[in-house]
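Scroll down for the structure; my scribbles are underneath it.
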Amino acid sequence: AHVSYYHIELAQHDILMAEGMAVESFLDTGNRGAFVNAQCPIMIHPTFALHRWAKAGCAQLLLDGPRLVTVRRAIQAWAEDLGYGVTQDPDLRVEIAGACLPVASAGRVVRVDLHGRSGMVHIRSHSMVPAELGLVADHRRLGVALTGIALDGVAVKMDDPCLTSGWHAAENGAGGTWRWTDGDATLAVAGAETLEFEVAISASYCTAPAAPERRVA
C-alpha cells in the first residue's frame with residue numbers, strides 16, 4: 001500500500017485536530033529533508049532530536065517507563081472496546097510466485113511440498129510489535145520464530161544467504177537457535193522438492209473487528 005503523508009508546520013510545535021483526532025504539528029528534529037518538497041539535504045544520523053524536542057516540543061516525549069505502558073494499555077483497552085481482539089493463531093501461509101502451497105503440520109513441524117520449483121518462497125503469518133501490546137520494550141515487528149529449516153532434508157543454517165529478507169537476527173535459548181520473521185520472510189529455493197521448518201515460538205496477534213453483516217431484503 002502507498003500512503004501520502006502530509007505534515008503541517010506551525011510557528012511553534014502544537015496539537016491539531018485532524019478528522020476528529022488530536023495529532024501533532026511538524027517539529028523539525030533533523031528529518032525535514034525526508035519530505036519530498038524539502039529544499040535541504042537529508043541528515044543521515046541526526047543527533048539532536050531529543051534535545052530539540054525537549055527545547056521546542058509542546059509536550060513531554062515518552063520513550064519508555066510506566067507512564068508509556070499506561071498509555072499503551074489504555075489504547076489497547078480502547079481497541080478491545082471497538083471490537084479488536086487477540087488470537088494465538090499465526091495464520092501461517094507459504095507461497096511461491098503468488099500461489100499458496102499446501103502445508104502439512106505435525107505439532108510445530110511444518111512440511112511443504114515445493115515440487116521442484118525455483119524462486120522466492122514467502123513464509124507469511126500474522127505479525128505484531130510486542131511494545132505496542134505493552135508486553136516488553138521490543139519494537140520489532142514479529143511474525144513467527146522458526147528453527148530446524150531444511151530443504152530436501154538438508155539443514156539450512158540460520159545465517160544462510162538463502163534466507164533473504166524479512167528475517168531478524170538469530171537468537172539462542174534453551175530450545176536451540178531460531179530466527180523471527182517479520183510476518184513475510186523470503187527463502188530462495190532452486191529446484192527443491194520439500195521445505196521443512198519448526199515453529200519454535202509464536203505470539204499473540206491483534207485481530208480486526210468482524211465485518212458487519214449485510215442483509216438484502
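Within the shell of other residues whose beta carbon sits under 11 angstrom from the beta carbon of Thr186, the net charge comes to -2, with Lys and Arg scored +1 and Asp and Glu -1. Length available on full extension from His51 to His2: 0.36 nm per residue minus the Cα-Cα distance, which gives 14.5 nm.
Look at the alpha carbon pairs under 8 Å that are at least 6 residues apart: their mean separation over the length of segment 86-207 gives a relative contact order of 36 percent. A Förster radius of 25 Å, combined with the Cβ-Cβ distance separating Gln88 from Leu61, puts the computed FRET efficiency at roughly 0.15. Only Cα pairs within less than 10 Å get springs; with that Gaussian network setup on the chain, which residue of Thr70, Thr177, Thr29 has the largest fluctuation? Maximum fluctuation in the GNM of the chain, among the listed residues, is at Thr29. The string of couplings for segment 183-188 from the Karplus curve (6.51, -1.76, 1.60, θ = phi - 60°) is x, 8, 9, 10, 9, 7 Hz, one whole number per residue in order, with x for Gly and Pro. Have a look at Gln12, Pro130, Thr164 and report the one farthest towards the positive end of the charge dipole of the chain, computed about the Cα centre with Cβ charges (Lys/Arg +1, Asp/Glu -1). The Cα lying farthest towards the positive end belongs to Gln12. Look at (1) 15.0; (2) 18.5; (3) 10.3: the one that is mean projected area of the Cα convex hull in nm² derived from this structure is (2). Please list, in order, the residues from segment 177-198 whose amide nitrogen is less than 18 Å from a point placed 7 Å along the Cα→Cβ vector of Val109. Hits in segment 177-198 for Val109 at 18 Å: 177-178, 193-198. Counted over segment 69-110 with a bin width of 5 Å, the fraction of Cα pairs per bin, in whole percents, is 5, 15, 15, 14, 11, 9, 14, 13, 2. For the peptides 149-155, 195-201, the ranking by packing is 195-201, 149-155, with the highest mean count of neighbouring Cβ atoms within 10 Å listed first.
A viscosity of 1.306 mPa s and a temperature of 10 °C, combined with the Kirkwood radius over Cα pairs in Stokes-Einstein, give a translational diffusion coefficient for segment 124-217 of 105 µm²/s. Ellipticity at 222 nm from helices only: DSSP H runs of n ≥ 4 in the chain, each -39500 (n - 2.57), divided by the residue count, give -3500 deg cm²/dmol. Taking label points 7 Å from Cα along the Cα-to-Cβ direction, Ala22 and Val129 give a separation of 2.0 nm.
What FRET efficiency would be calculated for the residue pair Glu95, Asp160, taking the C-beta separation as r and a Förster radius of 22 Å, to the nearest 0.05? The computed FRET efficiency comes out at 0.65. Put simply, when 121-128, 13-20, 162-169 are sorted by average Cβ atoms within 10 angstrom per residue, most first, you get 121-128, 162-169, 13-20. Of the beta bridges in the chain, as assigned by DSSP with both residues counted there, near 100 percent are antiparallel. As a rough footprinting exposure proxy, the listed residues Val110, Val23, Val69 were ranked by other beta carbons within 10 Å of their own, and the order from fewest upward is Val23, Val69, Val110. Here the Gaussian network model covers the chain, with springs between Cα atoms less than 10 Å apart; of Gly33, Gly116, Gly191, Gly33 fluctuates the most. When the chain is treated as a GNM, springs tying every alpha-carbon pair under 10 Å, which of Ala106, Ala145, Ala170 comes out with the largest mean-square fluctuation? Maximum fluctuation in the GNM of the chain, among the listed residues, is at Ala106.
Since every read-out is calculated from the coordinates, none of them should be taken as a lab result. Computed from a predicted model, the values in this text were never measured in an experiment. As a convention, Cβ positions derive from the backbone with ideal geometry for all residues, glycine included, and neighbour counts pool all protein chains shown.
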